[in-house]
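Every read-out reported here was derived from the displayed coordinates using simple, explicitly stated rules and does not represent laboratory data. None of these values were measured; they are calculated from a predicted model. Don't worry about glycine lacking a Cβ; one is built from the backbone with ideal geometry, like all the others, and counts go over all protein chains shown.
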Amino acid sequence: MFSSCRFPSLLLTTTMEQIIKEFDSDILHPEVIVPYSTSSSEFMLGPCFKDGFPSELESFYPLAEGEKLLLHTLQPGWQEKNTWKSWPTATEGWIGWVNRMEKVKGDTWRTADIYDTIQLSKVNIPCDPDLLYAALCFWSTSGNAFHFNFGMMSPTVFDISALTGIRPHGEAISSVLDIQSPKREKSKKIYYEKFIKVNTQREDVTEEEHLAFLNMWLCKFVFCIGSSMVAKEYNNLAIALASGRKVALAPFILSHLYRGCRSLVTRGFAPAGGPFWILQLWLQSYFPQYRPFPYDTQNCTTLGIALAQGKLKQNSFRECLKFFYLCSSISPSQFTPYSPGWLQLAEHIPSNKLALDDIWSNFLIPRDLQYGLAIGNSSVGKAGVEYYSPNQFARQFGLTQTIPLPPHQSVNASPLERIVFNSESGIREVDSKFDQLKRNFSVVEFHPNPKCTPSFESWWSTYISKTRTESVEQILDRIIGEEAIKKRRKKGQEKDKRPSKNAKRELVLPNIEHSHGVPGSSHSSVNRHEKSVDDENVAHVSSDVKSPAAQYSAEVLDKAKAEVQKLLMMPLQQVLLPENYSSLEAALPVYAESPDLLVEKARNLEELRRNLPSLLASFQEAKKQKDEYYKESARKVMLVDDIIRKQELHTELKDLVVGIDASIPNLKEIEALEMNLTTEISHLEAKLEELRIEFPASKKDVADSLATQAETRWADYKRKICV
């Protein structure tokens, strides 16, 4: 749902804005929504160009003048920075405080639509740094968007609401939020845990404690400021939420996520504040191969909770970067991981027309998003804006992507700069512009069908071919080459004390031949593990194989561990693929060399290594039996159909013989044909009975049982080794 809405004439100052201002209506659509073709239910998201991209703007967009993605500039050493130090963790003290406050203030949280997000703060979301690092190598700070091979993508206001349950609409949040602040004594900044203890000393919950609680929640879990202390800058927002005011928190959170991504990218992954946990949930939503396991949305009030509760899949930076670099397309369903009607189902959103207008105007209108609440001198959250361009991500709303009008109506001096407000006038102007745009916004029905126009596809593919001049291996060599490994060794991150001068074993596993009977294998088994595990001496499992841990570097051991855990998370049928089987066979003995392994886990790894051939052979046999059963079942179906057709023809001939005059010349021929059909039917029925005897239904039951046993054993190893 969306509307048609024109942008008012605004003061344009930059060169790009001046060029766009001179364009006439012949080459662009100034509306927010544009009908696509002759369809009454499919639309493009504007403002956008009618056909091609004007050559006058090529130096400004999709990358701003002088801008380069981290993909092309990142140098070794970036992994040594404590990038994710602001990642929130839920301590026992915090969880206890949430439970204490919920008993008294839970209804207020529901009124303000922050209940679900506060509950989410009790979950320790594991950080997937390699996924975040790899994705951010494709982030453009000028457009607040990822530049993938198939187009631009980015978290939107809609995503924030779907993942967290936060309101997308309501009272605007800015440093001029109308708040009657209670007089409070000046307090020293103290660290989070001490802050909890200081504010929970009274027996009864007070309003002052509630304000302190919300302030810490905002600082640590929502905006994830770089400091480990509560900042006073968010006091007024905490006061508004404590009174149950319905503020538009989702756009405000999104602006902080955009600013955090900008800080990380421009500073080469130096630590920065920002709700990066939301970015991780967003990546997992749109790229299901990175979703945690298990992923179950049943009984989850928000999609974020479902994603937060699973166990991360093990993927290296190398694997993630290669995926994003080589991925040429994603399916339409991946562009819309949650239904466009999702928010209508939310309890706090009425289904009336005015409410939907308000919601979708926040989703679809390009504009400046307010950032920060501090005017003037402040170390945290200085007021400014981040530009929001949903017309770059039309497919994420189920709309058609065409060539978007570049972000050009921001109060930021240029796409690469960020304004800092020193007075209230600029802040009020930003709110006023959005209010003006919303007044012309009206919801209409649309049919979700995410796709792109041929003109967009041509324009974007040209841009990608011009900018992606390195191969992915060249990029990886530059980013995590031998130089990076040496630097990590100097910092003690490598446990191997005997590095080879020409060693390039960074992520290489030993080359172990395929076992006999594995699909695609033409080599006989080299069984180097003849002995069983001795229950009384498992400190060094299978000592005939294991050598001192120093045989492998810490990097190789970590890689082996990640490979084993990744493969164990796959369905057993996928592990049957030759490349996966050989990888697992090679990684198991290396992972077992890890010096810090628990005895029980080492035993399980050895047991899996020994049983792997028989385990997969059992599954193969089950699959073979089921394939044969289904093949013969198809033959039986064909025989039954043939029998039925011949029986129908036989009946027709028999009726014909009975009803005609015996003097007809060809009567004997018809009778002969009837006899032949009777014989054929008897032969077919005999064949059918033979098939029933040779392939009884119980044979499938046996195959199913064999497969179930193999999958149960596989799941048992997964539980024992990956936990």
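Past the 31 Å Cα-Cα mark, which pairs from Lys220/Lys353; Lys624/Lys718; Lys311/Lys353? Could the numbers behind the result be given before it?
On the way: Lys220/Lys353 36 Å; Lys624/Lys718 24 Å; Lys311/Lys353 41 Å.
Over 31 Å Cα-Cα: Lys220/Lys353; Lys311/Lys353.
If packing is taken as the mean number of other Cβ atoms within 10 Å per residue, what is the order of 196-203, 228-235, 82-89, highest first? Show your work: numbers first, answer last.
Numbers: 196-203: 12.4, 228-235: 20.0, 82-89: 17.1.
Output ranking for 196-203, 228-235, 82-89: 228-235, 82-89, 196-203.
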Most packed first (mean Cβ within 10 Å per residue), the peptides 284-293, 554-563 order as 554-563, 284-293
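Would you mind calculating the gained length between Arg478 and Lys21 on full extension (0.36 nm times residue separation, minus the Cα-Cα distance), in nm to one decimal? Write down the numbers at each step before the final one.
Values: separation 457, 0.36 × 457 = 164.52 nm, distance 4.16 nm.
My answer for the length gained is 160.4 nm.
Place the peptides 708-721, 155-168 in order of packing, highest mean first, counting for every residue the other Cβ atoms within 10 Å and averaging per peptide. Intermediate results must be reported in sequence, preceding the final value.
Numbers: 708-721: 15.4, 155-168: 25.6.
Going by the mean number of other Cβ atoms within 10 Å, highest first, we get 155-168, 708-721.
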Taking 0.36 nm per intervening residue step and subtracting the Cα-Cα distance, what contour gain separates Arg100 from Lys353 on full extension? 87.3 nm
